[in-house]
Amino acid sequence: MTDRKTELAANLAKVEERITAACAAAGRGREEVTLIVVTKTYPASDVRILSELGVRHVAENRDQDAAPKAAACADLPLTWHFVGQLQTNKVRSVIGYADVVQSVDRARLVTALSTEAVRAQREIGCLIQVALDAGASGRGERGGAAPGGIEELADLVGEAPGLRLDGLMTVAPLAGEYAGREQAAFGRLMDLSTDLRRTHPAATMVSAGMSADLEQAVAAGATHVRVGTAVLGVRPKLG
Ligand SMILES: *Cc1c(COP(=O)(O)O)cnc(C)c1O
């Protein structure tokens, strides 16, 4: 194995151990939690190695970085998740490679995603990104819709051609009442998911937890964790 492959294999094994332990502690089966490796800022060669090591889900947050990487890895059996704030002028490009968009947070974005998904003859999975720190504006610092906006967006996605409502996503807030209280934040997301599934029973995905807080997310009931740093290393700059 190359040095990089050895390194990524060791990191993946540690993350796998953490997820397994968190599932056991929560009385959950390991198969209830899917690992998504966040490959942002890292090269296509790393994505290829991860695929060889058995990773099946990867995530990116910037279209400029992701589009060429996904094209270079088009031969690999990977599901691509888009997890960054998404401008409508980037939607056509993102629809070209993303299977799931986890950062759906406004009506205009739903309309644009639907238009481009239909044009590309694709079905795109959508998660509503929930901002648990949303202020009066109804939007979070790092994107996301306020909890009160979930139902309306969910209905829009549910009716939009080319889109499929898969569930909810959040990032633990750095400010507001949930700052430093990841477990409470993820618990709140689970309650919102329970509410959502009353009207949208197929929207079962709950995407929460990153390198620093995946245990809290698994304890709360997350179905998908998004792990970057713990697998690939510390990113050179905030990405
Ligand atoms: C970067 C990123 C992650 C991964 O964060 P790490 O701390 O590197 O594990 C997860 N989710 C989103 C939305 C991200 O942008």
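Data for the structure
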item: Share, in percent, of DSSP beta bridges within the chain that are antiparallel, nearest 5; result: 5
item: Square roots of 5 times each gyration tensor eigenvalue, C-alpha, the chain, largest first, Å; result: 26, 23, 16
item: Dimensions (Å) - region 66-146, Cα atoms, principal axes, largest first; result: 44, 22, 18
item: Spatially proximal aspartates and glutamates relative to residue 69 (Cα-Cα < 12 Å; intrachain offsets below 8 disregarded); result: 46, 60
item: Kirkwood hydrodynamic radius over Cα pairs of region 32-174, then Stokes diffusion coefficient at 10 °C and 1.306 mPa s, in µm²/s; result: 103
item: Between region 107-175 and region 206-230, the Cα center-to-center distance that results, in Å; result: 19
item: P(r) weight above 20 Å for region 107-237, C-alpha pairs, percent; result: 47
item: Residue-averaged 222 nm ellipticity for the chain, from DSSP H runs of 4+ at -39500 (n - 2.57), nearest 500; result: -12500 deg cm²/dmol
item: Accessible area per residue in Å² at 1.4 Å probe, computed on the chain; result: 44
item: Region 1-114: Cα Rg divided by the 2.2 N^0.38 Å rule of thumb; result: 1.18
item: Mean Cα-pair separation over length for region 14-88, i.e. relative contact order, pairs under 8 Å, 6 or more apart, %; result: 27
item: Accessible carbon and sulfur surface of region 3-227 relative to its total accessible area, %, 1.4 Å; result: 51
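The values are calculated or read from the model by the stated rules, or taken from the named source; none is laboratory data. As the structure is a computational prediction, the values presented were derived from the model and not from experiment. Keep in mind that these areas ignore ligands, DNA and RNA; they rest on the heavy atoms of the full protein, side chains included. Shrake-Rupley method; radii C 1.70, N 1.55, O 1.52, S 1.80 Å.
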